Every structure is written in C-alpha cells, then in structure tokens.
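Student: Right, I'll just put the structure down here and ask away after.
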Amino acid sequence: MSGNELNEFFQKLVLENQERVRNICFRFLNDRDDAEDAAQEVFIKVFDSLGSFRSESEVTTWIYRIAVNKSLDMIRRKKRKKRFALLTSVFLDPEEEIAISIPAEGDPGKELEDAERKRILDEALGKIPESQRTALILSKTQGFSNNEIAEIMNITVSAVESLIHRSKKNLRKLLYKYFSY
Amino acid sequence: MKFSVKESGGRMDNRSQIENKVDHAMKLLDELDEMKPDPYFLSKLEARIKSAEKAKFSVSGWVKPALAGVLLMVNIGTALWYFSGSGNTAQTNTETQLIRYLAGDLISTENEYPFLKKENSR
C-alpha cells in the first residue's frame, strides 16, 4: 500500500470504528474525557502499526483488542496514581482537597439514587477478575456477539460464555454483600 | 413462638429487599449511557498524530547527533588515556618480580603509617 492509500484506509477505519472504540473505552473507564483520550491513543497505535499488521485476524478485531488493552492499561495507571495521591494527601493541607459537586438538573433525588447505584455497580465491576470484567463489558457494549468477544479476547466461545456467567454470579454476590450492610 | 415467626418474616422481607436492590443494580448494566458519534473525532486525531510526529522529529533531530558526539568524545578520551598512561605500567621479567611488585601495594611500611610505630614501641 502506498502512503496515500494507507492514509485513506486509516481514515476509513477511524470513521467506521470510532463509535465502537469510544464506547468500549467508555464502558471500561466510566469517564467521557478519559474514554476520548484512550480512543485517540488506540487509533494512534493503529496508525503506527498498520504497516506491520499481519492479517491473521480481522483488522476490526485487532482494533477492538487494542481498545480493551488500552482501557485496562489506563485503569491500572489510574489506580497507581490514586495510590500515590493517597500517599501524598497525608502530607497535604486537607482544605486543598475539598471538591464541590454540582447537583444535576431534573429530579435530584432520583438522579442521586441512580448515580449511587451506578457507583456501587462500578465498584463491584472493578473487583471482579479482569477477564470476567472484559467479557461482561464487551457483551454489554454495542451488541458484540460471543463470537466477536471470543476473537477479541483470543479465547473460545464456550470460555466467553463461562466468563460472562461467572462475572454475573460474582457481581451479584458482591452487590448482595454490599446491600446487606 | 410468635416472636420467632415475626423475626423470620422480617428476615425474608429483608432478603427480598436486598435481592430487589441487586436486580436493580444489575439492570443498570443494560441501561448504561453510550457516547454519541463525534464528527470532529478524525480531525482531532489527525491533529494529535501530526503534533506527535512533529515532536518526535524535533527531538530525534538533535538528540541523535548529540548522543553520537558524546559517545565519540568518550571513545577518543578513553583511547588517549589508555595509550598515554605508560607511566603507570610496569614491566617485570619473572613471576617473582611481578608478585613483589603487586604485593608492594598491599604491604604497608611503618614510614607510611606513624601510628604503627607507636603500637610496636609499646
């Protein structure tokens, strides 16, 4: 492929897959800005490696695999930062860390309840094993089939089914534990 | 007896309440928001790729020759030091001479360390 053809092919890839990639990142990261950033990093990686890509798997599968890996990397980075911030906060003036949350418009009670439920769910999702979380998130994102998830995760379809089943079971267990306190 | 029946009923209520909450939270998995398509995504991405490439070239443009220059200087310096340092080398004809020469660094004389003299005189 010449440079121009490669550029055109890349643009086509971005236009066709940006929505799914951004949503994969968003489901993992739960933050629009972080998801936007991660999605851009995904396509930069695609741009850099497109010349060396060997078509053993489909290009789209490869892109979604990069999206999953980038999101998981970003979560790990955030966790490390959080731990470091916790450490430094011991030495900081507590007044510096006060964050003011602005109430959303609409029914504040309902929105607060939904936000709290979502926070609990996210927390529980963060506690289940990475492979289970990946399979569950992909199954709930933009209609990925178990076949597609298997290709992205490089495992068999039955392994995907098992991961999704276990993830739901573990998630229920964690939520039950949380609500029973 | 009445008390125990009432308590088990309470437990059942509590359990079903928790189950409801769990079901409610699990349903959220299907109701999560999605990001809308961004018409400017490609242009933002292209701008980022261009600026990353610019930065890469500007850094590699002066870092590589500078690094090569430093390495060359170090090499020349090492060679000069090695070939001009003949005063620090010694030639010996026999093994005994060599051992004596090397042992000279390890064995100290009383002239070098006056406190040894004191210790001995006691």
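Student: Please work out which residue is farthest from A:Gly143 (Cα to Cα), limiting yourself to the range B:26-47 and to residues that are in a helix (DSSP H, G or I) and more than 8 Å from chain A (Cβ to nearest Cβ).
Tutor: Top of the filtered list is B:Ala47.
Student: Within the range A:13-27, count every residue that is more than 9 Å from chain B (Cβ to nearest Cβ), over 9 Å from the mean Cα position of the chain (by Cα) and not polar (S, T, N, Q).
Tutor: 4
Student: Moving to a separate point now. Residues of the range B:49-86 being within 14 Å of another protein chain (Cβ to nearest Cβ) and modelled with pLDDT of 90 or more, which ones?
Tutor: none
Student: Here's another thing I want to ask about it. Quick one: A:Phe144 ticks every box in (1) modelled with pLDDT of 90 or more; (2) surrounded by 14 or more Cβ atoms within 10 Å (Cβ to Cβ); (3) assigned to a helix (DSSP H, G or I) except a single one, so which number is it?
Tutor: (3)
Residues checked against (1) buried (at least 16 other Cβ atoms within 10 Å of the Cβ); (2) at pLDDT 95 or above; (3) within 14 Å of another protein chain (Cβ to nearest Cβ); (4) in contact with a helix residue (DSSP H, G or I) (Cβ under 9 Å, 6 or more places away or on another chain):
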| residue | (1), (2), (3), (4) |
| --- | --- |
| A:Phe91 | no, no, no, no |
| A:Pro108 | no, no, no, no |
| A:Ala124 | yes, no, yes, yes |
| A:Gln132 | yes, yes, yes, yes |
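Student: Please list, ordered by first then second residue, the pairs with beta carbon atoms under 7 Å, 6 or more apart or interchain, first in the range A:1-13 and under 20 Å from A:Val42 (Cα atoms), second at pLDDT below 70.
Tutor: A:Phe9/A:Met1
Student: Same structure again: Among the residues of the range A:150-174, count how many are of a type in the set (Val, Ile, Thr), more than 14 Å from chain B (Cβ to nearest Cβ) and assigned to a helix (DSSP H, G or I).
Tutor: 3
Student: Residue by residue through the range A:134-149, note down the ones that are hydroxyl-bearing (Ser, Thr, Tyr), in contact (Cβ under 8 Å) with a residue 60 or more places away in the chain and within 11 Å of chain B (Cβ to nearest Cβ).
Tutor: Listed by number, the list holds a single entry, A:Thr141.
The values are calculated or read from the model by the stated rules, or taken from the named source; none is laboratory data. If you're wondering where the values come from, they're calculated on a predicted model, not measured in any experiment. Here Cβ is always computed from backbone atoms with ideal geometry, including for glycine, and neighbour counts include all displayed protein chains.
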